[in-house]
Amino acid sequence: MPDASSETSPILSGEILRKLEQLELVTRGRSRSSQKGERLSRSRGQSVEFADYRTYSPGDDLRYLDWNLYGRLDKLFVKLYEEERELPVRILLDNSESMQFGDPSKYEFARMVAAALGYLTLSCFDKLSIAFTSEEGVSKSGIGTKLTRPIRGKSQALPYLRALAGCQCTGQGNLAASIRSLTSQKGAPGTCIIISDFLESPEFLESIKALAGSRNQIVLIQVLSPQELNPDLKGELKLIDSESGAATELTFGKARLKSYLKMLHGFFDEIKLTASKSGATYVRCQSDDDLDQFLFKRMREHAVLG
Amino acid sequence: MKFLAPSSFLFLGALGIILLFYILKRRRVEHIISSTLLWTRFLAETQANAPFQKLRRHLLMLIQMLAVVILVLALVRPVIEGPQEMSGLNVIIVDASGSMLTEDVEPNRFSVAKQDARNLIEGLKPGARAILIRMGATTEIAQSTTSQKSRLLEALDAMSAGAGPAASDSAFQLAESLVRNPTATTDIEEGIPFVPGASIHLFSDGGVFSLEDLATQNLPISYYPVGSRQYNLAITATDARPSALDPTNQTLFVELQNFSTNSINGVLTVSFNGQELENRGFAIPGDDKLQSIFTVQQPENGIYEIVASCDDDLAIDNRAWIASRLPSPTKALLVTPGNYFLEKAMRAIKGIELTVLNSFPDLTGNSPGYDVIVSDRISPPSGIGSIPGAHYLWINSQPTEWFSSTDSNEAPIPTSANWTHPVLRFVSLDQLLIARSQKVQLPIWGSPILQSTSSPLIFEGELNGAKHIWIGFDLLESNWPRQVSFPVFIYNSVQWLASKSDEKSEINKLTGDTLTFRHDASSSSPSSNQKIEVTLPNGRRTSFQQDENSRLAFLSQTEESGIYQVTIGDQELDIAVNATHLSESRNAPAPSLKLGEVTEIAGTRILNAQNEIWQTIALILLAILLFEWWFFHKKTV
């Protein structure tokens, strides 16, 4: 089986991959998946973790009889063990045109985060599926459904990373619709990781609430560029939206920077509030952040990784 | 609807300027960004989305509020007090006479009048024209018509007051000619038509004007009086007369007059050639006079200086000078074939050195100069009339070709006489009978003294600097020599011709008078083109050439009182010029200007007009708007 950490990764360094193998995604509940895995679930089954006893019934496997109890109580009891199931992890990566901006590009950083979390998922033998907000970027990359169908096992890590590296960031995305599609996906609920700049209409906040309602654990990772957090624009400006092409004319300078920052933090608070109400974890990062620091410190601080 | 300042519609042009600023297309820099979401939210938050919001300190708001306040301030049309603005043609007359040196106002009336005139000039509207006239002893145009305030103010600053009287007649004649509209017809009732908008501004203390002729002309005069009181003592008359027995024994006569209502004390000092002779204290009650007589010894020709030291407001009339010359004998030449009565009458004149000849001697060489030449029935040789310094009494003779044709009148009867003439003083011609006389035409330079019905019998005149008395009949063919009036006439004639009576008046003048210089007969140089130098009392020198055709020269710049030292060739002469003008010493400020008996122009001040300042406010408002535009579209970005 090829090991991504020992081979050349197109996105992540081998050191990061090795460090990732020591972590796993933190889940608050038990897995509701029907597929076997390494996550504890509410189901009883075969594992090493003792769960309970029950009275023997004819037909039960005699290997699970507790003979010690029979000796003391003269009754037959069958030992029950917790069933270990896989965790469905769904990553929604924003690959719309707006992610292309920033120095370094927001998409580059978001893709590295997606790669890391995906690798981590596969390493933990969980089910990983990834979705994109812009179909155009996926189709242009020629990957097709190879990347979007669920994958399992560490053996899929390298193909996953390669496919992700070939995925382009282009076209107009619809974050709200993409989240809604996550909600409507069949299968057991799991962990949904949404990596985006969230520079969309507030409609996506409602979609997050709906996603949370379907018992999914949600992680919102907002990636913004330094230029968006502290714009150095000034003068008479005509700002053109990279996705929609819509133009906004305004006059901006140092005197209005304070108002801009105030508005920006109001926008963050809105997302944070929605995340809080939805039981989601909200993590904000900059595209020039150190990936190592982000993954192994801040993500752990936010109890996303453990 | 009436607009006080329709020219202000020009301010509408400012709308174009503002419009221009707003139609100028802003050059926006295009930026492609990830998403305009944040910026749309930013714009939405910075725009008002509620009826009210918390009042914040905002410069734009302050500027707009200030603009509104200024606009309202302009709309209420505020006015400020300031000089009334004059337009049209303004004839500005500044009184520069002696009384304007009165120091009853600080520093003196003339300076105050100049300041008032300055205020008027500075208040001239743009385009208004003005002419500046100095009304001193003579009328001078200090600055011709101009609309340049700087030139007017410069001329005004250079103007100074003299010690002479005010030549008000000529000043107002000049002003009237300037404001008269030459194209309009005169209406008797309306008076003289004037240039529209023209006005005459007189800055004076009123003085004494003889402006009766202006009473009916409705001149557009504005009178700006200066002065506050009359507190002046003046030397109003001086004279020095030699004693009949001893000419070196002089009697000085000085008259002081107090023109104020309060008593004035002081000291009267008399000096001769700088040496103090006597001083006396005086105390003159209000509106009173004091005559003082000083008897002094005068060893030589010289100058008496009389100073009345007191604390009054006008100093120029507290000092006077008398140029006094000791009498000298008159050299007279009688040329006659024999006339007992005439010779007897001339020898009876005291102080005369008479030479009697029966024909004219050669007078062009080194002959002694004669003051008076009397020619009795003897025609003179050609050119006799050009002897310097000599004056002539012609009796039945024709010295030159004065007359185009001569005839005779039989038994002419005197019909009229100029009794005011000095030669007829104490002369009675009632019993005069004349057998015949010459029938001549009175020359243009002559003035009749005695006339018959058809011809002058006696006339006098001045020709080429020489005085002439011409008698047109033979004395021996009349009964005049046997009458008492004859020696009196001869005495008067010799005195008049010898200029003894004029000498004192020629060397004692008043400020504003014209100084006349003539060659003395004893002058060695017969040159007719001499240089005359005059040292003025202030030390300034002036010189000019004597007229080639005349032995006379004139100096009219006598507005300063004091001693004028004159040098003509090798002759030196001191002339005393005094500021003893009653019109100037009586310096009560006149609150109104009287033109004749009826017309009176009330004094006024430079009116403080209520000048509107909304134009200035409008400019400030415009500047604020421009600043606002610049600041919020350029500076803040």
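The values are calculated or read from the model by the stated rules, or taken from the named source; none is laboratory data. None of these values were measured; they are calculated from a predicted model. All Cβ positions, even for glycine, are placed from backbone atoms using ideal geometry, and neighbour counts span all protein chains on display. Side chains are part of the model used for accessible areas, which takes the heavy atoms of the whole protein and leaves out ligands, DNA and RNA. Shrake-Rupley method; radii C 1.70, N 1.55, O 1.52, S 1.80 Å.
Just one residue in the set A:THR191, A:THR248, A:THR183, A:THR170 is among the polar types (S, T, N, Q) and within 11 Å of chain B (Cβ to nearest Cβ); that residue is A:THR248.
Within the stretch B:103-136, being part of a helix (DSSP H, G or I) and in contact with a Leu (Cβ under 9 Å, 6 or more places away or on another chain) holds for B:ARG109, B:PHE110, B:LYS114, B:ALA117, B:ARG118, B:ILE121, B:GLU122. Of all residues in the stretch A:268-290, how many are surrounded by 17 or more Cβ atoms within 10 Å (Cβ to Cβ) and part of a helix (DSSP H, G or I)? Of the residues in the stretch A:268-290, 3 are surrounded by 17 or more Cβ atoms within 10 Å (Cβ to Cβ) and part of a helix (DSSP H, G or I).
For A:ALA247, the requirement of being among the hydrophobic types (A, V, I, L, M, F, W, C) and surrounded by fewer than 16 Cβ atoms within 10 Å (Cβ to Cβ) is met. The condition of being in a loop (DSSP other than H, G, I, E, B) and either surrounded by 13 or more Cβ atoms within 10 Å (Cβ to Cβ) or out of contact with any Cys (no Cβ under 7 Å at 6 or more places or on another chain) (or both) holds for only one of B:ARG241, B:ARG229, that being B:ARG229.
The one condition from (1) charged (D, E, K, R); (2) in a helix (DSSP H, G or I); (3) within 13 Å of another protein chain (Cβ to nearest Cβ); (4) surrounded by fewer than 18 Cβ atoms within 10 Å (Cβ to Cβ) that A:GLU228 does not meet is (4).
Across the stretch B:244-271, the number of residues qualifying as among the hydroxyl-bearing types (Ser, Thr, Tyr), outside any strand (DSSP E or B) and closer than 22 Å to B:ALA283 by Cα comes to 3.
The set of residues in the stretch A:88-128 being open to solvent by 10 Å² or more (accessible area, probe 1.4 Å) and away from chain B (no Cβ under 13 Å) consists of A:ARG90, A:PRO104, A:GLU108, A:ARG111, A:MET112, A:SER123, A:CYS124, A:PHE125, A:LYS127. Among the residues of the stretch B:433-447 satisfying the criterion of being at pLDDT 90 or above and part of a loop (DSSP other than H, G, I, E, B), which is surrounded by the most Cβ atoms within 10 Å (Cβ to Cβ)? Selected residue: B:ALA435. Under the condition of being in contact with a Leu (Cβ under 9 Å, 6 or more places away or on another chain) and facing chain B (nearest Cβ under 7 Å), which residue from the stretch A:253-266 is surrounded by the fewest Cβ atoms within 10 Å (Cβ to Cβ)? Per the stated criteria, the residue is A:GLY253. When A:LEU237 is tested against (1) open to solvent by less than 10 Å² (accessible area, probe 1.4 Å); (2) assigned to a helix (DSSP H, G or I); (3) free of Cβ contacts under 8 Å to residues at least 40 places away in the same chain, exactly one condition is not met: (2). One residue alone among A:VAL223, A:VAL304 is within 12 Å of chain B (Cβ to nearest Cβ) and within 17 Å of the chain's Cα centre (by Cα), and that residue is A:VAL223. Against the condition out of contact with any Pro (no Cβ under 6 Å at 6 or more places or on another chain), open to solvent by less than 60 Å² (accessible area, probe 1.4 Å) and closer than 23 Å to B:SER583 by Cα, how does B:THR146 come out, does it pass? Judged against the criteria, B:THR146 is not a match.
Here B:ARG77 fulfils each of the conditions (1) open to solvent by 10 Å² or more (accessible area, probe 1.4 Å); (2) more than 16 Å from B:PRO225 (Cβ to Cβ); (3) not in a loop (DSSP other than H, G, I, E, B) apart from (3). Can you name every residue in the stretch B:325-348 that is in contact with a strand residue (DSSP E or B) (Cβ under 7 Å, 6 or more places away or on another chain), open to solvent by less than 30 Å² (accessible area, probe 1.4 Å) and not in a strand (DSSP E or B)? If the condition is that a residue be in contact with a strand residue (DSSP E or B) (Cβ under 7 Å, 6 or more places away or on another chain), open to solvent by less than 30 Å² (accessible area, probe 1.4 Å) and not in a strand (DSSP E or B), then B:THR336, B:ASN339, B:LEU342, B:MET346 are the ones that fit. Residues B:ILE322, B:ILE373, B:ILE352: which one is closer than 30 Å to B:ASP205 by Cβ, at pLDDT 75 or above and crowded, with 16+ Cβ neighbours inside 10 Å? Answer to the selection: B:ILE322.
Residue count for the stretch A:176-197 satisfying the condition of being open to solvent by 10 Å² or more (accessible area, probe 1.4 Å) and either at positive phi or not in a helix (DSSP H, G or I) (or both): 6. Restricting the stretch B:449-467 to residues that are at pLDDT 90 or above and closer than 21 Å to B:SER379 by Cα, the residue that is surrounded by the fewest Cβ atoms within 10 Å (Cβ to Cβ) is B:GLY461. Quick check on the stretch B:500-507. Is at least one of its residues at pLDDT below 90, buried (at least 18 other Cβ atoms within 10 Å of the Cβ) and more than 24 Å from the chain's Cα centre (by Cα)? The answer is no; no qualifying residue exists. Kindly list the number of the only condition in (1) exposed (fewer than 14 other Cβ atoms within 10 Å of the Cβ); (2) part of a helix (DSSP H, G or I); (3) at pLDDT 75 or above that fails for B:PRO196. Status for B:PRO196: all satisfied but (2).
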